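The values are calculated or read from the model by the stated rules, or taken from the named source; none is laboratory data. Just so you know, these numbers come straight off a predicted model, no measurement behind them. Every residue, glycine among them, receives a Cβ derived from its backbone with ideal geometry; neighbour counts consider all protein chains shown.
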Amino acid sequence: MKIVHVSSVHVWQDTRVFYRMCRGLAKRGHHVVLVARGAPGSRVDGVDTVRLAEVGSRLLRSLFVAPIAVLKAARERADVVHLHDPELVPWGWLLRLTGQSVVFDMHEYLPGAIRSKAWIPAPLRRSIAGAWRAAEWLFLRHTPTLFAEDSYREHYPWVRHYEVVLNLPDADELLARPVSRLGRRRAVYVGRVTEERGSLLTLEAVKLLRDRGEPVEFLCIGPASEAHRQKLVQKITENGLDGVELAGFMAQPDAVARIADGTVGLAVLKRTPNYERSYPTKMFEYMALGLPVVTSNFELYRGVVEGASCGLCVDPESPHELADAIQRLVSDPALAREFGANGRRAVAERYNWRSELDKLETFYARIRAGRTADGPA
């Protein structure tokens, strides 16, 4: 099949979009095109890329970049057009009216996420969430939809054709890497850097560890808004936290190489509706590399961490609990190695992308064959 993936929001090297879906499908012999902002406009790892302009304003991006992105996708005359952002949904609905097969990939439960987005004024969040909910009912009822988490599906009983494709790691690539040596007293984090994802909490924990005489380093990899980055830099400077590195965004291979040199992987996200019921992909990536993990003590996360005996769970509001967990792992290399080996085994046996890519291919095939009965493929 010829499959076009479209994103006006994510960077073109997004882990789920490019590294897992696009590259994975290309390796299986499909003709894959990626339309995304910042893309080089050439073939990369078997994927043809089409560049979209970089636009900082959310409003301008939704009004101008989104329709241009869908128009570029339509020109490819693909078997399936796969959309990755909510702002593309109305334009994708129009594309469906021309007879194109369109899939929407729901990366997050947006009505729930809107209620905690800092850039939306608090008094408007409930109304905006309700308005978007109504728009989803209009545009998604007959649009084949992928849910990145099983918990999202319960909010959409009226979506007629769907599949759950979890955001699990590409285990084949990660497991082919050497096991982490766990040689440095370093906590690592990879992903979007926000307060809700534990950035300030981690700095507080590092400060507590320094006060205890534990010189633990912290490597933080991922994009952050300029305002939040400045807040982190100020906190680092005020507390004299040398050994803390804010590395910014890195392509996945580079990020993996850096975090593999850590001692413990962090996924301590705040208690929000989306985070509490969504797997943090970074947790599985740490596990595949042989890193013990420290995660929020949500029921979903505990099921993985305690079930595989691969790390520790803490209260995501307590820097003291986080500091205690990090200290325990960096001070007990035997325990860290045991947790790391257990996590790596769990990813090899269960938590991997291979089976999810199988589901994605089957979903596409059913759409192309016109078999769009209710329920999953």
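Against the definition (within 26 Å of the chain's Cα centre (by Cα) and in a helix (DSSP H, G or I)), how does Pro223 come out, yes or no? Steps first, answer last, please.
Values: within 26 Å of the chain's Cα centre (by Cα): yes; in a helix (DSSP H, G or I): no.
Answer is no for this residue.
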Query raised in the report: Only one of Glu276, Glu285 is of a type in the set (Asp, Glu), within 30 Å of Ala129 (Cα to Cα), buried (at least 17 other Cβ atoms within 10 Å of the Cβ) and in contact with a helix residue (DSSP H, G or I) (Cβ under 8 Å, 6 or more places away or on another chain); which?
Result: Glu276
Requested in this report: Look through the stretch 293-312, keep the residues that are more than 14 Å from Ala205 (Cβ to Cβ), among the hydrophobic types (A, V, I, L, M, F, W, C) and surrounded by fewer than 22 Cβ atoms within 10 Å (Cβ to Cβ), and return whichever of them is farthest from the chain's Cα centre (by Cα).
Outcome: Ala308
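Against the condition in contact with a Lys or Arg (Cβ under 6 Å, 6 or more places away or on another chain) and either surrounded by fewer than 19 Cβ atoms within 10 Å (Cβ to Cβ) or more than 28 Å from Glu76 (Cα to Cα) (or both), how does Arg125 come out, does it pass? Can you show your working first?
Numbers: in contact with a Lys or Arg (Cβ under 6 Å, 6 or more places away or on another chain): yes; either surrounded by fewer than 19 Cβ atoms within 10 Å (Cβ to Cβ) or more than 28 Å from Glu76 (Cα to Cα) (or both): yes.
Considered against the rule, which asks whether it is in contact with a Lys or Arg (Cβ under 6 Å, 6 or more places away or on another chain) and either surrounded by fewer than 19 Cβ atoms within 10 Å (Cβ to Cβ) or more than 28 Å from Glu76 (Cα to Cα) (or both), Arg125 comes out as yes.
Could you list, in sequence order, the residues of the stretch 120-150 that are in a loop (DSSP other than H, G, I, E, B), farther than 26 Å from Ala369 by Cβ and touching a residue at least 24 places away in the same chain (Cβ under 8 Å)? If you could, list the steps in order and put the result at the bottom.
Of the stretch 120-150, the ones in a loop (DSSP other than H, G, I, E, B) are 120-121, 141-144, 148-149.
Keeping just the survivors that are farther than 26 Å from Ala369 by Cβ gives 120-121, 149.
Passing the criteria: only Glu149.
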Requested in this report: Hey, can you tell me all the residues within the stretch 43-73 that are surrounded by fewer than 19 Cβ atoms within 10 Å (Cβ to Cβ), farther than 17 Å from Met21 by Cβ and of a type outside the set (Lys, Arg)?
Outcome: Ala53, Glu54, Val55, Gly56, Ser57, Leu59, Leu60, Leu63, Phe64, Pro67, Ile68, Leu71
Requested in this report: Tell me which residues, restricted to the stretch 36-57, are within 18 Å of Gly92 (Cα to Cα) and without any contact (Cβ under 8 Å) to a residue 40 or more places away in the chain.
Outcome: Ala36, Arg37, Val50
Report summary line: Within the stretch 76-119, residues being buried (at least 17 other Cβ atoms within 10 Å of the Cβ), over 22 Å from the mean Cα position of the chain (by Cα) and free of Cβ contacts under 8 Å to residues at least 40 places away in the same chain number 3
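Rundown of residues vs (1) over 21 Å from the mean Cα position of the chain (by Cα); (2) on the phi > 0 side of the Ramachandran plot, yes/no style:
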position	(1), (2)
Ile3	yes, no
Tyr19	no, no
His30	yes, no
Arg37	no, no
Gly41	yes, yes
Asp48	yes, no
Query raised in the report: Going through the stretch 314-338 one residue at a time, which ones are farther than 26 Å from Arg177 by Cα and touching a Lys or Arg at 6+ places or on another chain (Cβ under 6 Å)?
Result: Pro316
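Residues in the stretch 158-172 that are outside any strand (DSSP E or B), touching a residue at least 40 places away in the same chain (Cβ under 8 Å) and buried (at least 17 other Cβ atoms within 10 Å of the Cβ): how many?
Residues of the stretch 158-172 outside any strand (DSSP E or B): 158-160, 165-172.
Restricting the remaining residues to those that are touching a residue at least 40 places away in the same chain (Cβ under 8 Å) gives 160, 165-172.
From what is left, the residues that are buried (at least 17 other Cβ atoms within 10 Å of the Cβ) are 165-171.
Matching residues across the stretch 158-172 total 7.
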Query raised in the report: Which of (1) at pLDDT 95 or above; (2) more than 19 Å from Tyr152 (Cα to Cα); (3) among the basic types (Lys, Arg) does Arg368 not meet, given it meets every other one?
Result: (1)
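Condition check ((1) surrounded by fewer than 16 Cβ atoms within 10 Å (Cβ to Cβ); (2) at pLDDT 90 or above; (3) in the same structural domain as Cys22 (by TED's automatic domain parsing); (4) in a strand (DSSP E or B)) across all residues:
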| residue | (1), (2), (3), (4) |
| --- | --- |
| Tyr152 | no, yes, yes, no |
| Tyr156 | no, yes, yes, no |
| Val206 | no, yes, no, no |
| Gly213 | yes, yes, no, no |
Query raised in the report: For the stretch 217-246, which residues satisfy the criterion of being surrounded by 15 or more Cβ atoms within 10 Å (Cβ to Cβ) and over 13 Å from Leu203 (Cβ atoms)?
Result: Ile221, Gly222
Report summary line: Going through (1) outside the structural domain of His84 (by TED's automatic domain parsing); (2) crowded, with 19+ Cβ neighbours inside 10 Å; (3) under 20 Å from the mean Cα position of the chain (by Cα) one by one, Thr194 fails only at (2)
**Report entry** Of all residues in the stretch 313-355 being surrounded by fewer than 18 Cβ atoms within 10 Å (Cβ to Cβ), assigned to a loop (DSSP other than H, G, I, E, B) and not acidic (Asp, Glu), the one that is modelled with the highest pLDDT
**Finding:** Ser318
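Counting only residues that are aliphatic (A, V, I, L, M) and modelled with pLDDT of 85 or more, which one in the stretch 105-121 is nearest to Val17 (Cα to Cα)?
Initial filter on the stretch 105-121 (aliphatic (A, V, I, L, M)): 106, 110, 113-114, 118, 120.
Okay, now just the ones that are also modelled with pLDDT of 85 or more, so 106, 110.
Details: Met106: 12, Leu110: 18 Å.
If we take residues in the stretch 105-121 being aliphatic (A, V, I, L, M) and modelled with pLDDT of 85 or more, then Met106 is nearest to Val17 (Cα to Cα).
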Report task. Determine whether the stretch 357-372 contains at least one residue that is assigned to a loop (DSSP other than H, G, I, E, B) and assigned by TED's automatic domain parsing to the domain that holds Val268. Result -> no
Query raised in the report: If you go through the stretch 270-293, how many residues are within 21 Å of Gln252 (Cα to Cα), out of contact with any Pro (no Cβ under 6 Å at 6 or more places or on another chain) and not polar (S, T, N, Q)?
Result: 11
